[in-house]
Amino acid sequence: MDSYTPEEREFDKNVVFSLMHFNELTDVTKFIEEYKWDRDKIFDMFLDVILNNPQLFFVHYKSIKMVGWKIDGDPTLRYGVTGYKFSIKECEYPQRKAELDKVVAEAMEYASVSDDPVEKARRLHDFIVRTCEYDEKAAAETDPSPLARTVYSVLVRRKAVCEGYMMGYRYLLREAGIRSEEVLSDPMNHCWNYVKIGENWYHVDVTWDDPIYNGKNPEIFPILYDHFLLSDKAFRAMGHSDWDVRGLPAATDTRFDWHYWGSGFDLIYLINYIIVSIQKCYVYLKARQNKDARN
């Protein structure tokens, strides 16, 4: 948001005002007519505004669309963004925001044991895995309820699908001063986080690190880090593919790909760590073979 142009800051203010008043349509005529923004620019900025303003946690934005209309007696064609959904009613906002703030404070306290951004990112990852359950019922729906896909769903309701996990983790990272962006994979119908530590970017999929998501008993299986701070190569080894990071740099740093995040001797964790390492090694060797073949 700090890098926004004056026009983009104006757009941010306009959208936040509209959504905080629970308007079902946001007028963007000025940005199309005066600033000559196209549809893609409008949609990209609308998404950025929602993701960069935590107070908009109740807005589900996946189905946004552009509409045009005219006012009686005025020949000017006006444009607006609509199609987004609200997971709560306007009258519920104060209570829901207070509930959310309480949980965020708990998560920040849990992460406050270290100033190291890597350790903060790990502990916030753990906070969500320990407290949130994958919403299998919502995931089975063709169009899951917004209630399962928001920051509120993962942090307060504590039951969410992948979008909720991503939004909740992004929210907490932001509060901790760590930049995170959304990663989308249309073929996988899935999303996760792209996290910046120092000058490097890494993939984090909190959903797939939740034992419940993988059908495991969280009381028996410890928190795993199979999808935590991985490079592109390692993430492909874990089964992810065809993602879009919206023009951000590739995740090339591999320092955490082989990192052992366990503490002490945990047999189940150690066995899983070995299996995952073999998977990653296989992908690395396969990529090397393909490179040698091309040369």
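All conditions but one from (1) more than 24 Å from residue 131 (Cβ to Cβ); (2) in a helix (DSSP H, G or I) apply to residue 107; the one that does not is (1). Scanning the range 58-74 for residues that are within 30 Å of the chain's Cα centre (by Cα), in a loop (DSSP other than H, G, I, E, B) and of a type in the set (Val, Ile, Thr) yields one hit, 64. Taken as a whole, the range 135-148 holds at least one residue that is among the hydroxyl-bearing types (Ser, Thr, Tyr), closer than 24 Å to residue 61 by Cα and not assigned by TED's automatic domain parsing to the domain that holds residue 29.
Could you say whether any residue in the range 60-67 is closer than 22 Å to residue 197 by Cα and outside the structural domain of residue 247 (by TED's automatic domain parsing)? Step through it out loud before you land on a result.
Our first condition is that a residue be closer than 22 Å to residue 197 by Cα; within the range 60-67, this holds for none.
No: zero hits.
The values are calculated or read from the model by the stated rules, or taken from the named source; none is laboratory data. Given the structure is predicted, the values throughout are model-derived calculations rather than measurements. Cβ atoms come from the backbone with ideal geometry, glycine included; neighbour counts cover every protein chain shown.
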